[in-house]
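The values are calculated or read from the model by the stated rules, or taken from the named source; none is laboratory data. Keep in mind it's a predicted model, so treat the numbers as computed, not measured. A quick note on method: Cβ atoms are made from the backbone with ideal geometry, for glycine too, and the neighbour counts reach across all protein chains shown. Accessible surface areas use protein heavy atoms only, side chains included; no ligands, DNA or RNA. Shrake-Rupley method; radii C 1.70, N 1.55, O 1.52, S 1.80 Å.
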Amino acid sequence: MDLIFRNVRIADGKPLTDVAVHNGKVAIISPGITVRARQEVQGNGNVLMPAFVEGHLHLEKAYVMHRKVNRTGTLKEAIAVTAELKPMLTREDILERSTQVLRSLVQAGTTHVRAHAEFDPSQGFTGFDVVLELRKKFRDMIDIQVVAFPQEGIFKLPGMKHMMFAAMEKGADVVGGIPYNDRSPFEHIDYVFSLAKQFGKDIDFHQDFADTAENMTIEYLARKTIKEGYEGRVCVGHLTSLGAVAAEQRVGIISLIRDAGISVMCLPATDLHLGARGDSHNVRRSLTPVRALRDGGVNVCLATNNIRNAFTPYGTGDLLNIAQLAMPACHLGGADDQATVLGMLTTNPAKALGLDNYGLETGKNADLVLVDTQSVAGVILDLPARLMVLKRGKIVATSNYNRSIAF
Ligand SMILES: [Zn+2]
């Protein structure tokens with residue numbers, strides 16, 4: 001064996017176990033494994049779990065918040081200041097900041113990320129090409145799925161349709177879209193589907209990002225998904241407008257989303273920052289209704305979206321911070337609800353991203369994280385140190401702490 005974890009906890013209420021890793025896979029899960037390994041790690045009862053999956057992130061525009069400030073805190077100004085910045089960003093600058101993000105992700109125990117990489121006539125493919133380069137450069141550290149993302153729209157910009165096609169030819173993994181930022185959301189959705197079918201790729205939309213329920217296109221998108229036979233292959237991020245829909249009316253929409261197999265990414269760090277800026281008092285949360293979606297059978301995930309820019313002027317790339325934000329903001333703090341939160345950072349986004357071989361099971365890829373807490377339920381509460389991170393069986397990050405206390 002290449003590596004054996006001794007005495008780790010993989011489930012609460014069950015005895016500690018050993019986990020052996022060989023050739024990049026989980027080879028044996030059993031107490032008291034007798035075979036030897038080249039490396040043995042003493043788990044001391046700490047939790048060993050599948051690594052985190054970041055389902056929605058923008059690499060190229062991280063860490064630029066001080067370059068141009070979003071003074072109103074609105075989505076409109078965030079898009080405007082970022083659009084001004086983008087043509088000035090150089091390859092080297094994007095490479096350096098994106099690498100910094102990837103380092104933070106891996107250190108925090110994330111071994112998969114879906115990156116929405118954008119391009120448009122004003123900036124060309126500079127940032128998009130960097131993300132493709134990073135996908136290759138860091139493939140042994142973290143799997144990067146690259147989304148061809150038209151942040152500034154498709155039909156309202158001359159040449160963008162051609163750029164979308166070119167981005168897919170360059171090797172994008174997923175076709176992205178943003179129906180609310182184009183000439184016609186329906187035309188936009190239809191075009192994204194036609195491109196995705198042409199290249200045989202999945203789809204990921206920035207969808208219905210507003211405080212109100214007007215102009216939602218999620219129902220159109222869900223029906224289109226079913227019509228095109230794309231069930232299970234479409235994700236949406238934000239979907240905050242659905243939070244403005246009354247409960248009785250919401251039920252039917254959620255059933256439709258479930259039937260279409262659309263995964264929903266809640267992005268609380270961004271949505272809480274940009275949402276409800278017009279409210280003078282008793283400010284709305286402006287989040288997608290995570291509990292109702294979950295209870296309605298929809299695959300719901302929590303993701304980071306942005307790190308320290310005009311959209312989200314904070315963040316570390318640690319999904320446990322997002323969980324801590326989501327628990328009070330989405331009313332996921334109750335004991336029963338808490339039990340569903342870890343899945344929103346792991347198995348749910350793995351399903352959304354269509355990951356094969358994910359999970360702490362024999363034969364699956366050894367994408368694992370050893371965390372400094374003694375219970376699985378404690379992972380989202382304790383913000384435990386990520387002691388060791390494995391990518392396909394290889395150690396890609398460790399943390400060492402020396403702690404003392406006087407009592
Ligand atoms: Zn986004």
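With the structure loaded, tell me whether Ile28 is assigned to a strand (DSSP E or B) and more than 16 Å from the ligand (Cβ to nearest atom) or whether it fails that test.
yes
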Do we have Glu248 as without any contact (Cβ under 8 Å) to a residue 40 or more places away in the chain, more than 16 Å from the ligand (Cβ to nearest atom) and either surrounded by 15 or more Cβ atoms within 10 Å (Cβ to Cβ) or not assigned by TED's automatic domain parsing to the domain that holds Leu75 (or both) here? no
With respect to Thr82, is the statement that it is of a type in the set (Ser, Thr, Tyr) and touching a Lys or Arg at 6+ places or on another chain (Cβ under 7 Å) true? yes
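Which members of segment 253-272 meet the condition of being out of contact with any helix residue (DSSP H, G or I) (no Cβ under 8 Å at 6 or more places or on another chain) and crowded, with 24+ Cβ neighbours inside 10 Å?
Leu267, Thr270
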Of the residues in segment 119-169, those that are in contact with a Ser or Thr (Cβ under 8 Å, 6 or more places away or on another chain) and in a strand (DSSP E or B) number 1
Report yes if some residue within segment 48-56 is modelled with pLDDT of 95 or more and open to solvent by 20 Å² or more (accessible area, probe 1.4 Å); otherwise report no. yes
Go through segment 116-143 and give me each residue that's closer than 24 Å to Leu105 by Cα, open to solvent by less than 10 Å² (accessible area, probe 1.4 Å) and away from the ligand (no atom under 14 Å from the Cβ). Phe119, Phe128, Val130, Leu134, Ile142
From the list Val41, Val19, Val35, Val8, exactly one residue is at negative phi and assigned to a loop (DSSP other than H, G, I, E, B). Which is it? Val35
Quick check on segment 205-218. Is at least one of its residues under 20 Å from the mean Cα position of the chain (by Cα), of a type in the set (Val, Ile, Thr) and assigned to a strand (DSSP E or B)? no
Criterion: within 16 Å of the ligand (Cβ to nearest atom) and either more than 13 Å from Asn309 (Cα to Cα) or loosely packed, with under 15 Cβ neighbours inside 10 Å (or both) - qualifying residue of Lys76, Lys61: Lys76
Select, from Ala115, Ala78, the only residue that is under 24 Å from Gly153 (Cβ atoms) and in a strand (DSSP E or B). Ala115
